[in-house]
Amino acid sequence: MTALAKVSGASFRLRRPGRAALLVGGILTAVLVGVALLSLVWTPEDPARMRILQKLKGPLVSGLLGTDHLGRDVASMLMRGAFNSLTTAFAAVGLGAVLGTLAGVAAAARAGFDAVLMRICDALFALPPILSAIMLGALLGPGALTAIVAIGVFMIPVFARVTRGAAMQIWARDYIMAARMAGKGTARITLEHVLPNIAGQVIVQVTIQLAMAILTEAGLSFLGLGLPPPAPTWGRMLAESQTYMLQAPHLALAPGLAIAAAVLGLNLLGDGLAARLDPRRRQAS
């Protein structure tokens, strides 16, 4: 009976909402971050090294994942591309999270600012990252800054709406009224009571938006609006592989699968964290 109880308990824990998603998403994300950091100190080859005589070699024929049309090692480019994609995504989401969270809690605390914020959010939502990057690219030229600003600006209203809704629920709680009666000001209540109670939702939103940022950065790089050559990016690898789809399909499969795994891992991690951090979902489980 003891063994049966252990098996039943283990199967129950595996069935709990979000546990499997958190585990799989955490593993995929950890592998992604590990590969990106490893590329700073080691790659099988120099990602920028060209060997024309070894061009378009298949996987295991020349290197683990073969070579591209310039003889560059695909595995090395994929590893360094992971670092470049993560760097851009983290910077863009960090920009959007900081500014959006500040705007959201300010709107929840100040009723007069709420309507103004919503109109600004509507205006920012009307400019998708691709269109913003094209306009910024015309002014600044393609590069990391263009991608970061274009993606980050689009993230601001996302975080502003999430934090505003969560903060307004906190402001309606009884302990906020007690804090007011104790003489605490709006800023102090926001720092001591509102921000700590919405931190979990912000963290979940960060993981979800990181997946979106990686996908958007790949799209910008595909269009030539991301990091300039010779810095490898997953999006540019896909763009350069179009001409050789029949001759060397591995050139498109490698970055395509990398983007899919990164987005899947971060989305699963976000779902798992939401299940663990949301009190209503925890009680339901």
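Cut-off 10 angstrom, C-alpha nodes, Gaussian network model of the chain. Which of 239, 126, 108 fluctuates the most? Its mean-square fluctuation being the largest, the pick is 126. The mean sequence distance of close C-alpha pairs (under 8 Å, at least 6 residues apart), as a share of the length of the chain, puts its relative contact order at 27 percent. Counting only alpha carbon atoms, the long axis of helix 2-15 and the longest principal axis of the chain meet at about 80°. Of the accessible area of the chain, computed with a 1.4 Å probe over protein heavy atoms only, carbon and sulfur atoms account for 69 percent.
Principal axis analysis of the Cα atoms in the stretch 64-113 yields extents of 60, 15, 11 Å, listed in decreasing size. Build a GNM of the chain with springs between Cα atoms under 10 Å apart, and of 192, 45, 240 the one that fluctuates most is 192. Each of 53, 141, 171 was scored by the projection of its Cα onto the charge dipole of the chain, and the greatest displacement toward the positive side belongs to 171; charges sit on the C-beta of Lys, Arg, Asp and Glu. Placing unit charges on the Cβ atoms only, positive for Lys and Arg and negative for Asp and Glu, gives the stretch 35-278 a dipole magnitude near 300 debye about its Cα centre. Relative to the longest principal axis of the Cα atoms of the chain, helix 250-277 runs at roughly 20 degrees.
Largest mean-square fluctuation among 136, 227, 191, in a Gaussian network model of the chain whose springs join Cα atoms under 10 Å apart, belongs to 191. Computed from Cα atoms, the angle from the helix 129-140 axis to the main principal axis of the chain rounds to 70 degrees. Among (i) 41, 28, 13; (ii) 39, 37, 18; (iii) 54, 22, 18, find the value of semi-axes √(5λ) of the Cα gyration tensor in Å that was calculated from the structure presented, and write down its label. Answer label, from the structure shown: (i).
When a/c reaches 1.5 or more, the comparison of a/b and b/c decides; with that in mind, is the stretch 66-184 rounded, prolate or oblate per its Cα gyration tensor? Prolate shape, in that a/c is at least 1.5 and a/b is the bigger ratio. Among 241-254, 85-98, 175-188, sorting by the average number of other beta carbon atoms lying within 10 angstrom of each residue, highest first, gives 85-98, 241-254, 175-188.
Heavy-atom accessible surface of the stretch 35-278, averaged per residue, reaches 47 Å², computed with a 1.4 Å probe. Per-peptide packing, taken as the mean over residues of other Cβ atoms within 10 Å, places 27-38, 109-120 in the sequence 27-38, 109-120 from highest down.
The values are calculated or read from the model by the stated rules, or taken from the named source; none is laboratory data. All figures in this text were calculated on a predicted structure; none of them were measured in a lab. All Cβ positions, glycine included, derive from the backbone under ideal geometry; neighbour counts span all protein chains shown. Remember, those area values only see protein heavy atoms, side chains included, never the ligands or the DNA or RNA. Shrake-Rupley method; radii C 1.70, N 1.55, O 1.52, S 1.80 Å.
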